[in-house]
Amino acid sequence: IWKELEESYRKILTVPSFNAWIDQATPISLVNNQLTIEVPSSLHKEYWEKNLSTKIVETGFKLTGEEITPVFVIQNNEPIMEDKPKEETTILPEQAMKNGKKAYLNPKYTFDTFVIGKGNQMAHAAALVVAEDPGATYNPLFFYGGVGLGKTHLMHAIGHQMLMNNPEAKVKYVSSESFANDFINSIKNGTSEQFRQDYRNVDLLLVDDIQFFAEKEGTQEEFFHTFNTLYNEGRQIVLTSDRLPNEIPKLQERLVSRFAWGLSVDITPPDLETRIAILRKKADAERLEIPEDTLSYIAGQIDSNIRELEGALVRVQAFATMNSEDITTSLAADSLKSLRPISPKNQLSILAIQEKVCEYYHIDLKDLKGKRRVKSIVLPRQIAMYLSRELTDNSLPKIGAEFGGKDHTTVIHSHEKIQQLLETDISLQKEVKDIKDLLTN
Ligand code: ADP
Ligand code: MG
């Protein structure tokens with residue numbers, strides 16, 4: 001019966017809808033004509049009950065001659081793994097794509113390229129409801145959550161989907177800063193009427209990162225009116241922020257309360273499974289050959305920001321190309337190792353090195369920079385000079401100057417001395433390595 005149901009849903013639903021509702025649901029049992037279906041969230045349950053359950057009764061009756069009653073249970077928090085990457089990628093129709101560009105939508109940010117997982121499935125489902133039925137359900141729809149977790153992506157996906165369903169729809173995407181700038185310019189240039197036309201004459205308004213409305217009184221005032229006009233005409237509004245409306249400092253109370261009229265959904269960092277799925281999807285899209293364990297390795301290294309996760313993949317890819325090697329876990333480890341202290345040369349100061357060395361050998365900074373020639377001070381001094389040369393971009397005279405005005409030849413000499421010692425002296429090797437680690441972590 002489930003197979004049959006899947007087939008009939010596939011016929012009536014768009015691909016993203018199918019992926020969101022049907023694919024995310026699991027049939028559990030059929031006992032006493034009661035079909036139990038597990039769904040990931042309360043939002044899914046509601047949607048199934050409202051929109052999809054008649055089909056179950058219909059199909060059930062057709063197949064069994066009995067009246068089948070669907071029952072929906074909400075899954076506990078087990079991560080959802082897709083058993084296979086989705087192959088179907090709908091190409092956006094040309095017109096929808098063109099209109100998308102006019103609306104400033106990123107062509108890559110569609111539902112197709114969005115990986116559903118723990119942390120974003122509720123937001124994804126809500127986005128879909130809104131895209132398929134704008135203005136009618138959750139208005140405004142408000143996404144909040146940390147940086148790089150997919151808020152902008154989902155928001156654009158709504159725009160694309162709406163244009164796919166109706167290429168004539170007027171969609172507008174702006175960051176809250178652009179909104180503020182447009183508003184201020186319209187006042188300066190005496191084009192307020194045009195501004196209102198632009199913003200109040202749309203079917204879908206997407207405003208990104210509204211935390212930047214904080215403290216902008218005039219802009220908030222204008223947005224309040226924009227919001228009211230759109231809302232009263234049943235146009236869809238979608239907003240994002242890094243936090244809940246009531247946590248945005250200096251956001252007018254009347255805006256806070258309006259934003260709560262619809263649905264607020266948070267997006268939380270993806271779990272490991274989801275991160276792997278995202279990497280796999282990107283790798284497939286770029287036609288990269290990457291072994292599974294390497295994908296897991298990369299996903300294990302970067303755990304909270306999807307933008308960084310993508311960056312890591314790009315980095316590994318670039319590293320492989322540069323070295324004409326295949327992508328393997330050890331290559332990934334090499335290329336990501338250099339990611340941590342991004343460029344120690346630019347970040348470390350001579351003083352930081354001196355202080356660490358002093359701390360490590362329990363000596364005074366004054367002595368380190370001074371002229372005393374006792375061994376317990378000379379060696380740390382030389383090590384500090386050595387590290388200053390190795391880990392920073394400073395010139396020899398500059399390093400000398402930072403060590404109480406020593407000559408640049410002293411720096412060269414110290415550097416050479418330590419280099420020589422390091423070749424054979426195992427305990428010194430360890431000490432230098434310890435200090436380096438302290439400095440770079
Ligand atoms: P935010 O707006 O929350 O800071 P973005 O929407 O800009 O984050 O997402 C950052 C990057 O991560 C984008 O390139 C986006 O395509 C990608 N991304 C985020 N979430 C997903 C996801 N679930 N599946 C695929 N890519 C994602
Ligand atoms: Mg964003």
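The values are calculated or read from the model by the stated rules, or taken from the named source; none is laboratory data. Values in this document were obtained by computation on a predicted structure and should not be read as measured data. A quick note on method: Cβ atoms are made from the backbone with ideal geometry, for glycine too, and the neighbour counts reach across all protein chains shown. These accessible areas exclude ligands, DNA and RNA; they are computed on the full protein's heavy atoms, side chains included. Shrake-Rupley method; radii C 1.70, N 1.55, O 1.52, S 1.80 Å.
On the stretch 124-261, 46 percent of the accessible area sits on carbon and sulfur atoms, based on a 1.4 Å probe. Residues of the stretch 172-201 falling in the label zone of residue 232, defined by backbone nitrogen less than 18 Å from a point 7 Å along Cα to beta-carbon, are 193, 196-201. Calculated mean residue ellipticity, 222 nm, the chain: -16500 deg cm²/dmol, from DSSP H runs (n ≥ 4) at -39500 (n - 2.57) each, averaged per residue and rounded to 500.
If a spin label sat at a point 7 angstrom from the Cα of residue 215 along the line to its beta carbon, the backbone N atoms of the stretch 246-266 nearer than 12 Å would be those of 249-251.
With the full set of protein chains in place, find how many percent of the accessible area of the stretch 288-342 is carbon and sulfur; take the probe as 1.4 Å. If you can, show how the numbers build up before the last one.
Values: 1620 of 3150 Å².
Exposed carbon and sulfur together represent 52 percent of the surface.
Here the chain is assigned +1 on the Cβ of each Lys and Arg and -1 on the Cβ of each Asp and Glu. Its dipole about the Cα centre then comes out at about 1680 debye. The long axis of helix 2-12 is offset from the longest Cα principal axis of the chain by roughly 80 degrees.
Its relative contact order, with pairs defined as Cα atoms under 8 Å and 6+ residues apart, puts the chain at 12 percent. Listed by chain and number, the aspartates and glutamates whose alpha-carbon sits under 17 Å from that of residue 250, ignoring those within fewer than 8 places in the same chain, are 177, 209, 215, 217, 221, 222, 242.
What does the accessible area per residue of the chain come to in Å², with a 1.4 Å probe and no ligands, DNA or RNA counted?
On the way: 22540 Å² over 441 residues.
Each residue of the chain exposes 51 Å² on average to a 1.4 Å probe.
Computed from backbone phi with θ = phi - 60° and the Karplus coefficients 6.51, -1.76 and 1.60, the 3J(HN,Hα) list for the stretch 313-327 is 5, 4, 5, 4, 4, 5, 4, 5, 4, 4, 9, 6, 10, 6, 7 Hz; x is used for glycine and proline. Cross-link partners for residue 3 among the lysines, with Cα-Cα distance under 23 Å and sequence neighbours closer than 8 places in the same chain left out: 11, 45, 50, 55, 62, 84, 86.
May I ask which of 151/172; 337/433; 98/282 have a Cα-Cα span longer than 18 Å here? Those over the limit are 98/282. Counted over the chain, the DSSP beta bridges are approximately 15% antiparallel. Could you check which residue among 63, 141, 422 shows the biggest mean-square fluctuation in a GNM of the chain with a 10 Å Cα cutoff? Ranking 63, 141, 422 by mean-square fluctuation puts 422 first.
Helix 292-301 versus the longest principal axis of the chain: what is the Cα-based angle in degrees, 0 to 90, to the nearest 10? Tilt relative to the chain: about 70 degrees.
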